[in-house]
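Data first, discussion second: the structure below is written as structure tokens.
Only the coordinates and a few stated rules stand behind these numbers; no lab work does. Predicted model, so just to flag it, every value in this text is computed and none were measured. Glycine also receives a Cβ, built like all others from the backbone with ideal geometry; neighbour counts cover every protein chain displayed.
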Amino acid sequence: MSFIKKIAIVGSPNVGKSLLFNRLTGIYAVVSNYPGTTVDVTRGKAKIGEEEYEVIDTPGMYSLLPITEEERVARKILREEKPSVVIHIIDAKNLERMLPLTFQLIEAGLPVVLALNIIDEAEKIGLAIDLPLLEKELKIPVAGTVSTTGRGIDALKGRIKEYARSR
Ligand SMILES: Nc1nc2c(ncn2[C@@H]2O[C@H](COP(=O)(O)OP(=O)(O)OP(=O)(O)O)[C@@H](O)[C@H]2O)c(=O)[nH]1
Ligand SMILES: [Mg+2]
């Protein structure tokens, strides 16, 4: 039994979840099979503000209605481990395709913070995303990130810190 607060990183396959996990946590990550499954889940620790968190890199999911074993595990983590913060990380190039899961997570009452990742490639193809507007519309914290370089990670941590303090 542990009382450490948790942060779950969720999102579709291949959007940068693991790189974000590495950016938030240090070098001590633990990989294990989720009980009763063949799905690997990686856990590490992060200090954000004054708070120490366990960070969970969840398996890729497209929807809260699970089809694959990975999605079932991701949902189970959200339901059973009750994270204090759920970082939904999405590919900024595919906003429309990815926001439906953001809505599902918000509707499920989860404490969602949105990380608009791969913002570097979005900019390259001329996409300019109005983060403050998105934040206002969604009514959740939003940060633009580039997991490969670390750009925006401090801002994301700042949003998490404020959010955690406000709850
Ligand atoms: N240009 C760019 N590439 C990124 C960024 N974040 C992730 N990538 C690339 O996207 C790919 C996937 O990154 P991962 O961190 O493995 O993504 P993931 O969500 O953990 O993937 P799965 O675990 O397979 O679902 C890698 O090739 C990364 O280099 C980013 O911010 N910018
Ligand atoms: Mg991964």
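Selection among 90, 21, 144 by position relative to the dipole of segment 5-166 gives 21 as farthest towards the positive end (Cβ unit charges, Cα centre). Positive end of the dipole of the chain (Cβ unit charges, origin at the Cα centre): among 3, 106, 68, the Cα lying farthest that way belongs to 3.
Full extension of the chain segment joining residue 51 with residue 68 gains 2.8 nm, where the gain is 0.36 nm per residue of separation less the Cα-Cα distance.
The magnitude of the dipole of the chain, with charges of +1 and -1 set on the Cβ of Lys/Arg and Asp/Glu and taken from the Cα centre, is near 380 debye. Estimated purely from DSSP H runs of n ≥ 4, each contributing -39500 (n - 2.57), the mean residue ellipticity at 222 nm for the chain is -11000 deg cm²/dmol once divided by its residues. Equivalent-ellipsoid semi-axes for segment 93-136 (Cα gyration tensor, √(5λ), whole Å, largest first): 22, 11, 8. Taken over the alpha carbons of segment 5-166 as equal point scatterers, the Debye sum produces base-10 log I(q)/I(0) values at 0.15 Å⁻¹ of -0.75. Each residue of segment 94-109 was assigned a 3J(HN,Hα) from its phi angle through the Karplus expression (A = 6.51, B = -1.76, C = 1.60, θ = phi - 60°), giving 10, 3, 4, 6, 9, 5, x, 5, 4, 4, 4, 5, 5, 5, 6, x Hz with x at Gly and Pro.
Stretched out straight at 0.36 nm per residue, the stretch from residue 165 to residue 107 would grow longer than its current Cα-Cα span by 18.7 nm. Our estimate of slack between residue 14 and residue 33, defined as 0.36 nm per intervening residue step minus the Cα-Cα distance, is 4.9 nm. Assuming charge only on the beta carbon of Lys and Arg (+1) and of Asp and Glu (-1), the dipole of segment 72-167 about its Cα centre is about 460 debye to the nearest 20. About the centre of its Cα atoms, segment 46-101 shows a dipole size close to 280 debye [charges on the beta carbon of Lys, Arg (+1) and Asp, Glu (-1) only; nearest 20 debye]. Alpha-carbon geometry of segment 98-167: the Rg and the Dmax are 12.4, 37 Å, given in that order. What pairs from 93/157; 17/47; 136/157; 93/136; 124/161; 5/93 go past 27 Å between their alpha carbons? From the list (93/157; 17/47; 136/157; 93/136; 124/161; 5/93), the Cα-Cα distance tops 27 Å for 124/161; 5/93. Relative to the longest principal axis of the C-alpha atoms of the chain, give the angle of the C-alpha long axis of helix 153-166, reported between 0 and 90° and rounded to the nearest 10°. Result, in degrees: 70.
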